[in-house]
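Worksheet: one structure, shown below.
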Number of protein chains: 2
Amino acid sequence: MSLTPRIDGDRLLGRLDAFAGIGATPAGGVNRQAFSVEDRRARRLLAELALERGFTVFQDHIANLFIRREGTDATLPPLLIGSHLDSQPTGGRFDGALGTLSAFEVLEALEDAQAETRMPVEVVAWANEEGSRFAPGVMGSMAFTGADTAAWKSIVGADGAVLAAELKATITALPEAALRPTGMPISGYIELHIEQGPSLEKEQLPIGVVTAVQGTRWLEVSIQGTAGHAGTTDLAYRRDPMVAAISAIHRLQTTIMPLDSSARLTVGRIAARPGSINAIPQSVAFTVDIRHPRAEQLDLVEAEVRQVCAAEAEAQHCTAMIKRSFDMPGAAFSPDMVKTVEEAASSLRLQFKHMISGAFHDALFLARVAPAAMIFVPCRDGLSHNEAEYVEPGHAVIGARVLLRTAIMAASPR
Amino acid sequence: MSLTPRIDGDRLLGRLDAFAGIGATPAGGVNRQAFSVEDRRARRLLAELALERGFTVFQDHIANLFIRREGTDATLPPLLIGSHLDSQPTGGRFDGALGTLSAFEVLEALEDAQAETRMPVEVVAWANEEGSRFAPGVMGSMAFTGADTAAWKSIVGADGAVLAAELKATITALPEAALRPTGMPISGYIELHIEQGPSLEKEQLPIGVVTAVQGTRWLEVSIQGTAGHAGTTDLAYRRDPMVAAISAIHRLQTTIMPLDSSARLTVGRIAARPGSINAIPQSVAFTVDIRHPRAEQLDLVEAEVRQVCAAEAEAQHCTAMIKRSFDMPGAAFSPDMVKTVEEAASSLRLQFKHMISGAFHDALFLARVAPAAMIFVPCRDGLSHNEAEYVEPGHAVIGARVLLRTAIMAASPR
């Protein structure tokens with residue numbers, strides 16, 4: 001006879017504390033970058049907890065870590081639940097860890113209750129989600145879903161370490177986890193994550209039901225003018241790339257987002273060369289990060305950026321060069337899986353709203369191979385990738401409860 | 001019996017070539033930074049040429065170099081004519097060298113003609129005008145006119161060299177030049193220089209009669225906002241310092257110079273922190289170089305920069321900090337000396353226009369202690385501080401002729 005599976009809030013919060021101690025920074029954050037000694041310690045702790053409960057532990061060739069609890073129908077591929085354990089260099093305690101440890105709590109809750117699921121359920125900790133030590137990020141989920149990883153062999157990290165060597169050492173450090181091929185059929189994927197934005201907190205909602213991940217493009221704009229002396233050059237004789245860049249960015253900032261609430265446009269980097277206080281610059285370079293859930297709108301925003309930059313450059317007798325340096329198509333999550341999350345939240349009498357994720361997540365790649373969904377919980381002031389990242393304990397537990405309900409429904413479809 | 005003194009154009013152009021060979025760069029420019037081995041070679045060559053002609057050579061404790069030709073009235077302080085021999089690291093062949101070598105040509109022309117002047121005439125090559133190796137620049141003329149040089153003892157150069165040691169080595173390398181105290185009474189100062197801007201060339205005028213040097217202020221603006229994720233943060237929740245900075249600079253660029261043709265406003269440096277493509281910056285810092293010949297207008301422009309930055313920061317819920325990092329008052333040249341330059345140009349049937357120098361020059365400091373003036377000649381495309389800097393040979397010779405006429409009149413006042 002099985003009981004109703006229940007999240008043990010104290011156990012989950014204790015685990016979050018324990019993992020936050022691995023790579024803890026003096027400012028209260030976490031430095032647990034991919035394939036580092038700290039990352040290996042976190043993987044080891046999770047594997048040991050799993051083995052103590054009698055679960056099976058696997059890893060694949062990119063160091064994704066899996067913890068398996070069998071279902072009743074051995075012919076069905078597993079339902080995956082999880083997130084990642086690696087962090088930014090000055091990261092927070094919850095980004096990734098909350099989703100991974102909540103997924104493990106779900107597995108323990110099922111085990112505590114001796115609950116049966118039709119599908120096997122596997123907790124997954126995706127390798128190198130952050131990409132801060134070894135770019136690109138979301139390496140584990142990309143490899144799992146079939147990305148070509150040949151070029152990764154030569155990757156050297158921000159600290160000079162060689163990816164191939166660090167990856168091998170990470171896998172070798174966990175001999176208890178049997179090695180299995182990278183990638184396999186799965187029945188679905190559910191990921192709990194902190195919002196990494198302020199809207200749930202501002203709207204006082206405990207749950208966000210994520211329906212899609214935005215597409216992202218990065219444009220690198222360089223405007224070339226003519227360097228000149230700040231004092232001697234009359235306005236009429238200037239070919240000032242700073243004036244062109246400022247005018248272009250100003251037009252984009254005052255039109256794109258104000259006219260389309262689904263669009264995002266961010267200028268995060270800007271520099272002038274030679275960068276002398278008393279010289280009109282020779283050139284000004286800046287980046288534009290644009291996002292939109294709809295691919296055709298992303299195309300329109302990119303076209304607008306190109307047109308505005310070219311026109312403002314020309315108005316100053318300058319020239320603009322624009323390069324697209326990154327293009328990540330968005331993905332809509334499976335309507336069925338999204339509905340399952342909604343039902344889980346409703347059954348717990350939780351208010352929620354539909355959200356589009358502006359950040360990448362491993363779920364973006366899983367959505368291409370299986371029904372996937374994400375559950376967001378609020379984080380204080382929207383802060384993430386920041387040592388001050390904070391999630392109310394109650395919100396962490398609520399998120400785990402929604403994950404448990406969703407997983408139970410998804411793993412035992414009617 | 002004396003002849004009419006005449007500039008020997010071939011001799012002057014030959015000298016310009018010879019000095020351009022000292023520190024010549026592959027791209028056709030000059031790297032002859034202050035107190036370097038190349039700077040010492042140039043000083044030595046000028047001193048040797050002077051000694052060959054029987055002139056007396058002096059230097060002072062900051063390594064200003066003087067070449068003296070006596071006048072008929074030993075009670076009068078000398079008229080100084082000259083410029084500087086040091087260059088930017090990727091500098092041009094004419095910036096400084098034209099004025100110094102033309103002044104020496106004037107001295108030779110007087111000597112060739114056995115012409116008498118009432119005042120002694122001294123050619124001066126001011127030390128470290130550029131300041132690119134050892135900041136600040138215009139060191140020689142500042143020290144000569146009484147600046148407090150105590151703090152300079154500890155200056156370390158861009159290349160790690162110690163100013164005090166390099167200065168000592170520079171002076172020691174020229175034992176032929178007698179050491180005399182820094183600073184002395186002078187009757188006047190005249191400096192020929194390239195315009196370092198495009199207006200004479202565009203207006204096809206061979207001569208600019210400089211009436212004043214603009215005042216300059218540097219403001220360093222820092223706008224603090226809140227870092228955030230480029231994808232997850234809605235427009236409504238952003239406190240984006242880039243939006244504030246862009247709006248502020250845009251307002252300043254579209255108002256200050258367009259409304260006042262004597263004003264200059266240049267943003268030469270800008271940077272965002274942390275400078276991540278996919279993050280709303282935490283802060284954006286930029287510099288504003290403002291210039292105006294009238295001190296009260298400079299005050300008004302500075303007040304406008306402060307008001308606009310504060311207002312645009314506030315509109316984005318950011319905060320602005322503004323620091324004045326440099327304040328160099330302008331100077332009007334002596335109307336009498338300016339009139340003498342005009343008469344010299346007119347007597348040579350040369351078209352000229354009055355100009356305000358937007359650049360610093362040693363003359364700015366000399367104007368505070370004696371009647372001073374400057375003569376500008378056109379440079380191609382207004383380029384200076386650039387290896388491609390170029391002056392038409394005819395313009396170089398015309399500039400020297402105006403300098404000669406001016407010096408003759410100024411050194412023998414009626």
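Being at pLDDT 95 or above, buried (at least 17 other Cβ atoms within 10 Å of the Cβ) and either closer than 26 Å to B:A245 by Cα or of a type in the set (G, A, S) (or both) narrows it down to one residue among B:A359, B:A373, B:A311; which is it?
On the way: B:A359 fails: at pLDDT 95 or above; B:A311 fails: buried (at least 17 other Cβ atoms within 10 Å of the Cβ).
On inspection, the qualifying residue turns out to be B:A373.
Working carefully through the options A:H317, A:H354, A:H395, find the one that is at positive phi and not small (G, A, S). Let's see the steps before the verdict.
Numbers: A:H354 fails: at positive phi; A:H395 fails: at positive phi.
The match here is A:H317.
Would you pick out the residues in segment B:211-233 that are out of contact with any helix residue (DSSP H, G or I) (no Cβ under 8 Å at 6 or more places or on another chain) and either more than 11 Å from chain A (Cβ to nearest Cβ) or of a type in the set (G, A, S) (or both)?
Those that are out of contact with any helix residue (DSSP H, G or I) (no Cβ under 8 Å at 6 or more places or on another chain) and either more than 11 Å from chain A (Cβ to nearest Cβ) or of a type in the set (G, A, S) (or both): B:A212, B:S222, B:A227, B:A230, B:G231.
Report, by residue number, each residue of segment B:273-294 that is among the hydrophobic types (A, V, I, L, M, F, W, C), more than 16 Å from B:C309 (Cα to Cα) and either in contact with an Asp or Glu (Cβ under 6 Å, 6 or more places away or on another chain) or more than 9 Å from chain A (Cβ to nearest Cβ) (or both).
Of everything in segment B:273-294, those that are among the hydrophobic types (A, V, I, L, M, F, W, C), more than 16 Å from B:C309 (Cα to Cα) and either in contact with an Asp or Glu (Cβ under 6 Å, 6 or more places away or on another chain) or more than 9 Å from chain A (Cβ to nearest Cβ) (or both) turn out to be B:I277, B:I280.
When you scan segment B:274-294, do you find a residue that is surrounded by fewer than 17 Cβ atoms within 10 Å (Cβ to Cβ) and aliphatic (A, V, I, L, M), even just one?
Within segment B:274-294, not a single residue is surrounded by fewer than 17 Cβ atoms within 10 Å (Cβ to Cβ) and aliphatic (A, V, I, L, M).
Every residue in segment B:381-399 that is in a helix (DSSP H, G or I), buried (at least 19 other Cβ atoms within 10 Å of the Cβ) and within 12 Å of chain A (Cβ to nearest Cβ), please.
B:G382
Only one residue in B:I256, B:I270 is more than 7 Å from every other protein chain (Cβ to nearest Cβ) and β-branched (V, I, T). Which one?
Within the list B:I256, B:I270, the selection yields B:I256.
Please go through segment B:241-281 and give me each residue that is under 21 Å from B:A359 (Cα atoms) and either in a loop (DSSP other than H, G, I, E, B) or of a type in the set (D, E, K, R) (or both), ordered by number.
Of everything in segment B:241-281, those that are under 21 Å from B:A359 (Cα atoms) and either in a loop (DSSP other than H, G, I, E, B) or of a type in the set (D, E, K, R) (or both) turn out to be B:D260, B:S261, B:S262, B:A263, B:R264, B:V267, B:G268, B:R269.
Given the criteria farther than 25 Å from A:M374 by Cβ, in the same structural domain as A:T182 (by TED's automatic domain parsing), surrounded by fewer than 16 Cβ atoms within 10 Å (Cβ to Cβ) and without any contact (Cβ under 8 Å) to a residue 60 or more places away in the chain, does A:E70 qualify?
yes
Just a yes or no: is a residue in segment B:203-213 under 25 Å from B:A359 (Cα atoms) and without any contact (Cβ under 8 Å) to a residue 24 or more places away in the chain? Walk me through how you get there before you give the answer.
Filtering segment B:203-213 down to residues under 25 Å from B:A359 (Cα atoms) leaves B:203-213.
This time we only want the ones that are without any contact (Cβ under 8 Å) to a residue 24 or more places away in the chain, so: B:204.
Yes, the conditions are met somewhere in segment B:203-213.
The values are calculated or read from the model by the stated rules, or taken from the named source; none is laboratory data. The structure displayed is predicted, hence computed values, not measured ones. Neighbour counts are summed over all protein chains in view; Cβ atoms, including those assigned to glycine, are modelled from backbone coordinates with ideal geometry.
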